[in-house]
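Reading through the C-alpha cells given below for one structure.
The values are calculated or read from the model by the stated rules, or taken from the named source; none is laboratory data. None of these values were measured; they are calculated from a predicted model. Cβ coordinates were reconstructed from backbone atoms using ideal geometry, including for glycine residues, and neighbour counts include every protein chain displayed. Accessible surface is based on the protein model in full, side chains and every heavy atom, while ligands, DNA and RNA are left aside. Shrake-Rupley method; radii C 1.70, N 1.55, O 1.52, S 1.80 Å.
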Amino acid sequence: DTGVSQDPRHKITKRGQNVTFRCDPISEHNRLYWYRQTLGQGPEFLTYFQNEAQLEKSRLLSDRFSAERPKGSFSTLEIQRTEQGDSAMYLCATRGGNSYEQYFGPGTRLTVT
Amino acid sequence: QKEVEQNSGPLSVPEGAIASLNCTYSDRGSQSFFWYRQYSGKSPELIMFIYSNGDKEDGRFTAQLNKASQYVSLLIRDSQPSDSATYLCAVKGVGNQFYFGTGTSLTVIP
C-alpha cells in the first residue's frame, strides 16, 4: 500500500452516463497525476496538478474529461457522456515537491457497456 | 516515434537466472528514469529509479543508465517466480510529464 487511495475501485456504467472518480494522495505530496491505462499499454498521461492548480493537460484529452483538485488535497476526475472507448484503468499517482518518484494508487477500473 | 520504447516480450528465464530488461528513450533532455513492476490487474509499483549515468543497485535489482546512448536497463539477479510481472520503464520529460513504455512481460519458470 503506497498511501494513495482511489475510489471506487471498479465502476460499470452505461454509455452516455457521467462518472466521477476520486483520488486521495499521500498527505505531504503536493503533486498529483491522472493516467489512463488500457490492456497491453503503459499508463498514458491525462493531467497534472501542483497543489490546487491544474498545470498540464494532455492534448489528447477529450473535453468530456475534467479534473479538479480543490484545496490541493484530494482530486476528482469526471468523464461526461461516457463512450465504450473510455473503458480502461484510471490511475492516480502522487509525488512530493522535492522528489521525482511518483507512487500510484490502486486504480479505478471503468467498464462502459 | 514513441517517447519510450521497450521490447514487449514475453521474456522467460529460469528461476535463479538473471533477467535483463531494456528501454530506450527519445528525449535527450530527460533526466530521471524509473522502473515499475505491475502484476496483472494491479497498479504499477515503483521498484527502482536512477538519475545519473552508471549503475544503481538495490538488493537483487540493478538499474543501468547510459544517457549518451539514451538507454536504461534493469537487471534482476536470482530471479524468483514472484518476479513474474510486467516491467514498465518510465522517463520524466523536461516538464512535469512522465512517459511510460508499453512494458516487458517477464515470466520466471520454477
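Selection of region A:23-46 for residues being more than 10 Å from chain B (Cβ to nearest Cβ) and acidic (Asp, Glu) yields A:24, A:28.
Listed by position, the strands (runs of 3 or more DSSP E) inside region B:28-99 whose residues that are within 11 Å of chain A (Cβ to nearest Cβ) and under 13 Å from the mean Cα position of the chain (by Cα) number at least 1 are B:32-38, B:45-50, B:85-92.
Do we find that residue A:12 is hydrophobic (A, V, I, L, M, F, W, C) and at pLDDT below 95 in this structure? Spelling it out, it is not the case that residue A:12 is hydrophobic (A, V, I, L, M, F, W, C) and at pLDDT below 95.
A quick yes/no check of all residues on (1) open to solvent by 50 Å² or more (accessible area, probe 1.4 Å); (2) under 28 Å from residue A:36 (Cβ atoms):
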residue: B:9; (1), (2): no, yes
residue: B:22; (1), (2): yes, yes
residue: B:45; (1), (2): yes, yes
residue: B:57; (1), (2): yes, no
residue: B:84; (1), (2): no, yes
residue: B:97; (1), (2): no, yes
residue: B:103; (1), (2): no, yes
residue: B:106; (1), (2): no, yes
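Within region A:84-98, the set of residues being closer than 18 Å to residue B:44 by Cα and either among the polar types (S, T, N, Q) or facing chain B (nearest Cβ under 7 Å) (or both) comprises A:91, A:94. Here residue A:33 fulfils each of the conditions (1) of a type outside the set (A, V, I, L, M); (2) open to solvent by 60 Å² or more (accessible area, probe 1.4 Å); (3) at pLDDT 95 or above apart from (2).
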